[in-house]
Each structure stands twice: as C-alpha cells, then as structure tokens.
Amino acid sequence: MKATTQSPALVLFLVDGSHSTGVSWMTDSQQGTEESIASTLETAVNRALHDLVVNVCYQESEICNRISLGLYVAQEDSVSWGLEEDEPESGWLPSDQWATLAQQDGGSPQWFNLEPKGKTPLLKGWNRMYAILSEFYAKFPQSSAMLITLTDGSFEELNFDEEAIDELVELQHTTVGERSFVHLLAHISADGDEPLVFPVERPSEDVSSMLYDLSTPLPGHMFEGSQTPTLGGVSLSPESRSYIHNADPVLLSDMIQLGSRVVDGNGPRPLPIPVFEEE
C-alpha cells in the first residue's frame with residue numbers, strides 16, 4: 001500500500017464511541033491496572049497517528065502530503081468527525097493539515113479524544129466510510145486506502161441480519177473494486193472471550209464469518225524478504241484476513257499499531273517507534 005506525494009494514501013478510522021466503551025477492562029494483569037476501553041482506543045489511535053507522521057509523512061524536517069486522514073466516531077445516531085478541526089467537505093485532511101493538530105502537554109501527541117455515549121450506528125458508519133472512499137478513489141484513482149474499524153458492538157443488537165451483511169459486503173466490493181485497499185477490523189471484548197486472530201480460513205460462526213468477509217489480506221510488501229509479521233503470537237501470512245474477533249487490550253493496541261505499518265511510504269518500514277510519556 002504505497003503512499004507518495006503524487007498518490008497520497010487515505011487512512012480512515014471508524015471508531016465505536018458508544019456508552020459500552022466506557023466499561024473498564026484489565027490492561028495489565030500483573031500490575032492490576034484497569035482503564036476504560038475508550039482510553040485504550042484513544043492511546044492506540046494516537047500512537048498509530050504519531051507513527052504515520054514520523055515514519056511516512058516526515059522527511060527532511062518537513063511534513064509531506066503522503067497520508068490523507070479521516071477519523072470518525074459512530075455514537076448515538078450519528079457519525080461525527082473525530083478531530084479538533086471542522087470536518088472537511090472532502091471527508092479527509094491532507095498530512096500538512098492533520099499532522100499539526102495534535103495537542104501535547106508533557107506527554108505523547110494527542111489528536112483524538114473519545115467520550116463514550118449512546119449506541120453504535122455502525123451500519124451508518126460503514127455506509128459513510130464507503131461514500132468517502134468512493135469520493136477519494138474518484139479524485140485519486142491510482143491511490144491506496146485503508147479503513148480501520150474498531151468496535152465492541154453486539155451485532156445481534158445492531159440488527160445485522162444476513163441480508164444487511166450481504167448488502168454491506170457488496171457495497172464494499174463495488175466501492176473498492178480492484179483498487180489497492182486494506183480493511184483492518186477489530187471486534188473488542190471486555191469479557192475475556194477467546195480471540196480469533198487474523199484467520200486464514202473463513203469461520204462458520206456468524207459474526208466471525210461477517211468480519212472475515214469485510215476484512216482483507218495485508219499488503220504484499222509486509223511479507224517481503226525475511227519479514228514475517230506476528231500478532232498476539234500468531235504468525236501472519238499473505239492469506240490471513242486482517243481482523244480480530246474478541247480483541248483484548250493488548251491485541252487491540254497491537255492491531256492498530258500494525259495498521260500504521262501497512263502504509264509503505266519509503267520502502268521497508270521499521271517497527272512502530274515507542275512513545276515514552278514523561279512522568
């Protein structure tokens with residue numbers, strides 16, 4: 001998935017902001033540390049954005065317009081813009097506009113804050129993302145795009161019946177076609193349910209199979225040479241589908257960080273740089 005100034009890549013985040021993301025979960029069992037799902041989402045998204053700035057957009061002391069960003073929150077009855085800036089008419093911001101929006105007060109850069117409330121209009125969110133993707137591909141037909149969906153929603157409560165799922169899968173297919181596109185998808189569970197990590201074969205269970213159909217393989221550059229990416233102890237392959245069902249805090253954070261490596265700005269990518277917060 002290439003990102004250049006001539007053909008910038010689009011990175012879209014669709015984040016579940018429902019009241020259930022205010023639930024606490026154990027982020028460090030040894031230390032007994034807990035935080036809300038929303039806090040984990042905030043930290044992981046902000047670190048991924050920082051990684052994109054440093055490893056893709058930043059070159060020779062300048063921000064190069066290689067990554068266009070759209071960050072959206074699905075909560076209550078709407079899908080809202082998630083950055084501290086008016087939503088652009090296009091649906092995304094170029095690098096030199098979004099990279100400078102981060103707030104930093106003695107810690108790591110913060111672009112994104114999440115306040116849980118209401119329910120999850122996830123279907124409305126996906127429809128909005130595909131509309132933005134369609135506009136982007138019309139403007140940049142040779143460019144790549146990535147959608148990262150993060151949700152703890154119950155798909156039964158969200159009325160995802162077989163017909164709705166089929167229509168959604170078809171919408172993604174007709175929007176993307178044969179273009180360069182990656183859909184990373186994490187379904188979050190605070191209940192300690194057994195996770196399914198980047199499977200190669202389509203599962204039989206309803207939710208897992210839907211996630212399989214909507215997700216995509218990772219781009220080929222991530223497997224070039226001796227590179228063998230792993231996630232949660234699972235070795236990934238070119239056939240792996242890029243989703244997790246029942247992600248815990250570690251898997252969720254690792255998947256979002258993996259997403260920041262999907263974009264290939266200048267050849268082989270390093271591992272995401274660590275962000276150390278000041279004490």
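The values are calculated or read from the model by the stated rules, or taken from the named source; none is laboratory data. Computed from a predicted structure; not experimentally measured. Neighbour counts are summed over all protein chains in view; Cβ atoms, including those assigned to glycine, are modelled from backbone coordinates with ideal geometry.
Consider Leu196 carefully, then state whether it is farther than 30 Å from Ser7 by Cβ and modelled with pLDDT of 90 or more.
So Leu196 passes the test.
Looking at (1) basic (Lys, Arg); (2) modelled with pLDDT under 95; (3) over 29 Å from Asp191 (Cα atoms), which is the only condition Arg128 fails?
Answer for Arg128: the failing condition is (2).
Return yes or no: is Leu49 hydrophobic (A, V, I, L, M, F, W, C), crowded, with 24+ Cβ neighbours inside 10 Å and under 15 Å from the mean Cα position of the chain (by Cα)?
Yes: the conditions hold for Leu49.
Scanning segment 131-157 for residues that are at pLDDT below 90 and touching a His at 6+ places or on another chain (Cβ under 9 Å), which turns out surrounded by the fewest Cβ atoms within 10 Å (Cβ to Cβ)?
That would be Phe155.
Check Tyr130 against each of (1) over 22 Å from Ala44 (Cβ atoms); (2) in contact with a Cys (Cβ under 9 Å, 6 or more places away or on another chain) and name the one condition it does not meet.
(2)
Just to verify a result, which residue in segment 56-89, among those that are hydrophobic (A, V, I, L, M, F, W, C) and in a strand (DSSP E or B), is modelled with the lowest pLDDT?
In this case the residue turns out to be Ile63.
Can you find, within segment 210-252, the residue that is farthest from Ser39 (Cα to Cα) among those that are among the small types (Gly, Ala, Ser) and modelled with pLDDT of 90 or more?
Looking at residues that are among the small types (Gly, Ala, Ser) and modelled with pLDDT of 90 or more, I get Ser237.
How many residues are under 24 Å from Tyr130 (Cβ atoms), modelled with pLDDT of 90 or more and assigned to a strand (DSSP E or B) when one looks only at segment 1-55?
Of the residues in that region, 8 qualify.
What pairs can you find where one residue is in segment 229-251 and among the acidic types (Asp, Glu), the other is surrounded by fewer than 16 Cβ atoms within 10 Å (Cβ to Cβ) and modelled with pLDDT of 90 or more, and their Cβ atoms are less than 6 Å apart, with a gap of 6+ or different chains?
Here the result reads Glu239/Val200, each pair linking segment 229-251 to a residue that is surrounded by fewer than 16 Cβ atoms within 10 Å (Cβ to Cβ) and modelled with pLDDT of 90 or more.
Testing Cys57 on (1) among the hydrophobic types (A, V, I, L, M, F, W, C); (2) out of contact with any Lys or Arg (no Cβ under 8 Å at 6 or more places or on another chain); (3) farther than 23 Å from Gly118 by Cβ, one condition comes back false. Which one is that?
Condition (2) is where Cys57 drops out.
Which residues, counting only those in segment 64-82, are more than 19 Å from Ser144 (Cα to Cα), touching a helix residue (DSSP H, G or I) at 6+ places or on another chain (Cβ under 6 Å) and surrounded by fewer than 24 Cβ atoms within 10 Å (Cβ to Cβ)?
Of everything in segment 64-82, just one residue is more than 19 Å from Ser144 (Cα to Cα), touching a helix residue (DSSP H, G or I) at 6+ places or on another chain (Cβ under 6 Å) and surrounded by fewer than 24 Cβ atoms within 10 Å (Cβ to Cβ), namely Val79.
Can you say whether Ile256 is among the β-branched types (Val, Ile, Thr), closer than 18 Å to His50 by Cα and within 17 Å of the chain's Cα centre (by Cα), as far as the supplied structure shows?
When the stated conditions are applied, Ile256 passes them.
Whether any residue in segment 129-151 is of a type in the set (Asp, Glu) and either in contact with a strand residue (DSSP E or B) (Cβ under 7 Å, 6 or more places away or on another chain) or over 23 Å from Leu49 (Cβ atoms) (or both) is what I want to check.
No, the conditions are met nowhere in segment 129-151.
In segment 93-121, which residue that is assigned to a loop (DSSP other than H, G, I, E, B) and without any contact (Cβ under 8 Å) to a residue 40 or more places away in the chain is surrounded by the most Cβ atoms within 10 Å (Cβ to Cβ)?
My answer is Gln104.
Kindly indicate whether Pro219 is over 27 Å from Thr21 (Cα atoms) and surrounded by fewer than 20 Cβ atoms within 10 Å (Cβ to Cβ).
no
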